[in-house]
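Novice: Sharing a structure with you now.
What follows is calculated from the coordinates using simple rules that are stated; it is not laboratory data. Just so it is clear, the structure is predicted and the values come from calculations on it, not from any experiment. Cβ coordinates were reconstructed from backbone atoms using ideal geometry, including for glycine residues, and neighbour counts include every protein chain displayed.
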Amino acid sequence: MIDPNKFKISCSAIGRIMTDSKELSKAEKIKRLIADIEERKVKRDALKDGLKSKEAATEKINSLTLELEALRKLPDTVNLSESCKTYCEDWIREQEQIYGRRKEFSSKQTDKGNKTEFDAVELLEGFYRWNFAAKNSSRKANDFMTGECDIILPDTIVDIKSSFSCFTFPLFKSKIPDTDYEWQIQGYMHLWQKPKGMVSYVLMDMPDEMIEKELRYKLTYPYTKEQYEAEYAKCIYSNIETKYRVKSFEFEYDASKIEQVEARVKLCREYIESLIKNLK
């Protein structure tokens, strides 16, 4: 039997469960219903007494008022977004009692990041003049989340994001372009009990095997040596000043965000439990 309480969110996926649902919340539904009732009262009161239309308007207002009273009695709940629900459903699929297969995702962007992560650590270590920074390989978990950060400094957790090209590198951004990464770094700070976090975007050379694959799509055979070298050069960034290859966004640990994550994980477990019951 699948135990919903074993569900924990990976720090890299926190953003997926923290998205807001497009469905209206209870408070928003109440607000709109009250506004509708008040508007109908104004229109009804403008009608002459004795008209059937005024009686019909009163009946509709009474019906909406009963609906409002029933809505107020409902428990306060948070509607899960479709992204959150999908993540929970995939988690069930991955369990041994169902399919026992992990959902895998791969792209040339993630491939580049995975293949250049150690070089990226060296780049950041030199740029920030850290002493003995190394790629972390340990994983931590608590009752709600699990994760493996990239670099652990005395008071800071660093997570590395390798941009695929200079056109996806956030050179001019003053705020982190992907808020999912802020949720991710908050999770890491919580697990490692660090007060500070940093998300560092880097521009690394594309590995040769990836360049060869990339150029197969860009170059039409037969091509000249000059054409090959020109396209190859577009994949290399080690000849660029480091200040144009590193962009970091710093964060302070926010306990309120962790409380939100833990509350959402509990809701995910409730949703998972409801899905499991329907499978019986």
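Novice: Restricting attention to region 122-153, which chymotrypsin sites (Phe, Trp or Tyr not before Pro) occupy a DSSP loop and are surrounded by at most 11 other Cβ atoms within 10 Å?
Specialist: Listed in order of number, the matching sites are Phe132.
Novice: So, one more: Using square roots of five times the C-alpha gyration tensor eigenvalues, list the equivalent-ellipsoid semi-axes of the chain in whole Å, biggest first.
Specialist: For the chain, the ellipsoid semi-axes come out as 50, 25, 21 Å.
Novice: Please enumerate, by chain and number, the aspartates and glutamates with C-alpha under 18 Å from the C-alpha of Lys26, excluding those fewer than 8 residues away in the same chain.
Specialist: Answer for Lys26, where 18 Å is the Cα cut-off: Asp36, Glu67, Glu69, Asp76, Glu82, listed by chain and number.
Novice: Is there a quick way to get the dipole size of region 171-243? I mean about its Cα centre, with the Cβ of Lys and Arg at +1 and of Asp and Glu at -1; what is the value in debye to the nearest 20?
Specialist: 360
Novice: Taking loop as defined by DSSP and a crowding limit of 16 other beta carbons within 10 Å, which trypsin sites (Lys or Arg not before Pro) in region 46-100 fit? Write out the running numbers ahead of the final one.
Specialist: Numbers: sites: Lys48, Lys52, Lys54, Lys60, Arg72, Lys73, Lys85, Arg93; in loops: Lys48.
Passing both the DSSP loop test and the Cβ count: Lys48.
Novice: Same structure again: Please report, in Å, the Rg and the Dmax of region 9-92, where both are computed over Cα atoms only.
Specialist: 19.9, 64
Novice: Cα-Cα pairs above 28 Å in region 108-262: how many percent?
Specialist: Counting pairs separated by more than 28 Å, the tail of P(r) holds 28 percent.
Novice: Next question. As a quick test, which of the pairs Lys29/Lys175; Lys115/Lys257; Lys161/Lys196; Lys135/Lys173; Lys196/Lys234; Lys8/Lys173 have an alpha carbon distance above 29 angstrom in this structure?
Specialist: Distance filter (> 29 Å) returns Lys29/Lys175; Lys115/Lys257; Lys196/Lys234; Lys8/Lys173.
Novice: For the chain, what does the relative contact order come out to in percent, with C-alpha contacts under 8 Å and a separation of six or more?
Specialist: 23 percent.
Novice: Here's something else I'd like to know. Between Glu212 and Tyr128, with labels modelled 7 Å along Cα→Cβ, what's the label distance in nm to one decimal, could you check?
Specialist: The modelled label-to-label distance comes out at 3.5 nm.
Novice: Report the label-to-label distance for Asp3 and Asp36 in nanometres (one decimal), using points 7 Å from each Cα along the Cα→Cβ vector.
Specialist: 4.5
Novice: How far, in nm, would the chain grow between Ala46 and Ser165 when pulled straight, counting 0.36 nm per residue and subtracting the alpha carbon separation?
Specialist: Result for the pair: 36.4 nm of gain on full extension.
Novice: Give me the Kirkwood hydrodynamic radius of region 51-112, using the inverse of the mean 1/r over all pairs of distinct Cα atoms, in Å to one decimal. Don't skip to the end; give the middle numbers.
Specialist: Working: mean 1/r = 0.0595 Å⁻¹.
Taking every pair of different Cα atoms in region 51-112, averaging 1/r and inverting gives 16.8 Å.
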